[in-house]
Amino acid sequence: ELEERYRVDFDKRLLEYHSKLEEAKVDLEEKYQGEMMTLKTHYEGKVEQLVNDLVQSHHTELGSLQEKHNKEISNRSA
């Protein structure tokens, strides 16, 4: 009977701790949700800027290559 009582107490405490952990998790998520959204928006903006810079750089390089190619074609024709 003593063992059964300890088992019940242990199970009860385990459930209580699990519940407290869940509450703490939810509290932390709520507490930092705004900060996480701000960081997400910031980093998404940075990624978008990097992609735009890469596209622009690629476009510029393609333009330079096309120009170089056109000059070579002109020189061969002349």
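Values quoted throughout were computed directly from the atomic coordinates according to the rules given, and no laboratory measurement underlies them. The shown structure was predicted, so the numbers you read here are calculated from the model rather than taken from an experiment. Quick reminder, even Gly has a Cβ in these numbers, built from the backbone with ideal geometry, and neighbours come from all protein chains shown.
Each of Y17, N52, L65 was scored by the projection of its Cα onto the charge dipole of the chain, and the greatest displacement toward the positive side belongs to L65; charges sit on the C-beta of Lys, Arg, Asp and Glu. Set against the labelled values (1) 1.04; (2) 0.98; (3) 1.69, Rg/Rh (Cα atoms, Kirkwood Rh) computed from this structure falls on (3). Can you give me the angle between helix 2-77 and the longest principal axis of the chain, using Cα atoms only, in degrees from 0 to 90, rounded to the nearest 10? Approximately 0 degrees, to the nearest ten.
Can you give the helix-only mean residue ellipticity at 222 nm for the chain, where every DSSP H stretch with n ≥ 4 adds -39500 (n - 2.57) and the sum goes over all residues, rounded to the nearest 500 deg cm²/dmol? Provide the component values of the computation, followed by the final result.
Details: 1 runs with 76 residues, N = 78.
Estimated from H runs of four or more residues: -37000 deg cm²/dmol.
With a Cα cut-off of under 27 Å and a minimum spacing of 8 residues unless on different chains, the lysine pairs in the chain number 6.
For the range 4-62, GluC sites (Glu not before Pro) meeting the loop criterion (DSSP other than H, G, I, E, B) and having at most 13 other Cβ atoms within 10 Å: none.
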